[in-house]
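The values are calculated or read from the model by the stated rules, or taken from the named source; none is laboratory data. Predicted model, so just to flag it, every value in this text is computed and none were measured. Cβ placement follows ideal geometry from the backbone for every residue including glycine, while neighbour counts extend to all protein chains displayed. Surface areas here come from the heavy atoms of the whole protein model, side chains and all, with no ligands, DNA or RNA. Shrake-Rupley method; radii C 1.70, N 1.55, O 1.52, S 1.80 Å.
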Amino acid sequence: MGANARPTPSGTRPQRRRAGVQNVAGWLFSTPFLALFAVFMALPILATLAMSFTDFGLRNVTDPLSAEFIGFENYTKLFQDEKFLTSLFNTAYFVVVGVPLTIAAGLVIAVLLNNGIDRMRTFFRIGFYAPVVTSIVAIAVVWRFVLDPADGLVAGVASELGMTVPDFLGSETLAMPSLIVMAIWRNLGTVMVLFIAGLQAIPHEVREAARLDGAGAWNEFRLITVPLLRPTLLYATVITTIGYLNVFEEPFVMTNGGPADSTLTVSLNMYREGFNFFHMGYASAMAYVLFVAIMGITVLQLRLLKDNTT
């Protein structure tokens with residue numbers, strides 16, 4: 001058909017009518033999601049951004065428009081607030097220590113369950129995944145029993161060996177590592193399932209070819225498994241990092257940020273400022289600082305890890 005050729009009128013009109021109907025149908029089907037997204041996501045996000053530039057507090061609840069615009073004062077105040085800087089450091093500590101350990105433990109267990117343990121494989125998979133679907137309150141009860149310095153499981157074992165254990169959750173040095181161990185145990189199942197799915201997607205022919213070439217178990221893991229798992233590794237690292245940057249439940253139910261703010265995270269600090277002290281403008285600024293941090297770290301991880309996967 002030449003460049004100036006036109007479709008026949010009889011064919012053009014039905015096609016346009018069909019395309020118009022499809023467009024209208026698409027918008028109609030999308031409208032419920034768009035409406036819910038606008039009401040429950042976009043609007044609160046924009047309201048929080050606007051609030052972060054005001055002194056919104058308890059007195060403004062009945063009349064939000066009476067809040068005074070104060071520009072970047074909340075953001076300036078944040079980085080002069082020692083408590084916020086402490087919570088920022090604690091969150092970074094949680095991420096830097098917790099993410100690599102969670103990814104490494106999840107990968108090791110996934111490899112063992114996928115290759116090394118034939119019997120009771122389903123039992124172990126369910127056992128490792130159970131904490132993911134368990135209430136944080138139930139997990140807190142279990143870990144308080146495990147870590148109790150007087151009657152806990154660890155104290156009982158140590159007592160049999162003639163040793164004493166410290167108060168893990170009452171120590172400024174040991175409280176955060178204890179929460180990290182608990183978080184790893186709780187999130188291990190999610191990471192493990194991702195890696196098992198990635199391992200099962202690796203073609204058997206590739207493994208068999210490596211074994212025929214004389215590759216041992218370690219070389220097979222290093223040269224075959226890890227490179228082919230990099231997309232899964234990228235995804236697991238990103239979602240674990242985002243989850244740990246938002247860590248709230250573990251310190252909230254186990255230590256409430258103590259002792260001496262040693263387990264106070266940004267999310268818990270934001271919750272206190274917003275709902276305990278009702279400094280909503282200040283808490284909104286804190287939320288946006290955390291949002292920018294999460295966005296920056298996620299983009300950095302995607303660039304670094306994605307470059308290695310291509």
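Among the conditions (1) open to solvent by less than 40 Å² (accessible area, probe 1.4 Å); (2) in contact with a strand residue (DSSP E or B) (Cβ under 9 Å, 6 or more places away or on another chain); (3) farther than 29 Å from residue 241 by Cα, the only one that residue 74 does not satisfy is (3). Pairs meeting the criteria (first residue in the range 231-244 and of a type in the set (Ser, Thr, Tyr), second residue outside any helix (DSSP H, G or I) and open to solvent by 20 Å² or more (accessible area, probe 1.4 Å), beta carbons under 9 Å, at least 6 apart or on different chains) are 232/201. Taking residue 176 as meeting all but one of (1) at pLDDT below 90; (2) open to solvent by less than 60 Å² (accessible area, probe 1.4 Å), write down the number of the exception. Residue 176 satisfies every listed condition except (1). Restricting attention to the range 245-261, and to residues there that are in a helix (DSSP H, G or I) and touching a residue at least 24 places away in the same chain (Cβ under 8 Å), which single residue is nearest to the chain's Cα centre (by Cα)? It comes out as 245.
Out of 101, 107, 49, one residue alone is touching a residue at least 40 places away in the same chain (Cβ under 8 Å), touching a helix residue (DSSP H, G or I) at 6+ places or on another chain (Cβ under 8 Å), within 24 Å of residue 276 (Cα to Cα) and of a type outside the set (Ser, Thr, Tyr). It is 49.
Scanning the range 262-281 for residues being open to solvent by 40 Å² or more (accessible area, probe 1.4 Å), touching a helix residue (DSSP H, G or I) at 6+ places or on another chain (Cβ under 8 Å) and part of a loop (DSSP other than H, G, I, E, B) gives a total of 2.
The conditions of being under 21 Å from residue 276 (Cα atoms), open to solvent by less than 80 Å² (accessible area, probe 1.4 Å) and touching an Asp or Glu at 6+ places or on another chain (Cβ under 7 Å) are not met by residue 63. Residues in the range 181-196 that are aliphatic (A, V, I, L, M) and either within 16 Å of residue 239 (Cα to Cα) or at pLDDT below 90 (or both): 183, 184, 188, 191, 192, 193, 194, 196. Assess whether residue 261 counts as being at pLDDT below 90 and of a type in the set (Asp, Glu). No. The residue list 88, 113 contains one member that is out of contact with any strand residue (DSSP E or B) (no Cβ under 9 Å at 6 or more places or on another chain), open to solvent by 30 Å² or more (accessible area, probe 1.4 Å) and part of a helix (DSSP H, G or I), which is 88.
Table: residues versus (1) at pLDDT below 85; (2) open to solvent by 40 Å² or more (accessible area, probe 1.4 Å).
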{"site": "210", "(1), (2)": "yes, no"}
{"site": "227", "(1), (2)": "no, yes"}
{"site": "239", "(1), (2)": "no, yes"}
{"site": "256", "(1), (2)": "no, yes"}
{"site": "289", "(1), (2)": "no, no"}
{"site": "298", "(1), (2)": "no, no"}
{"site": "310", "(1), (2)": "yes, yes"}
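Checking each residue in the range 241-254 for being of a type in the set (Phe, Trp, Tyr) and either farther than 18 Å from residue 175 by Cβ or surrounded by fewer than 20 Cβ atoms within 10 Å (Cβ to Cβ) (or both) picks out 248, 252.
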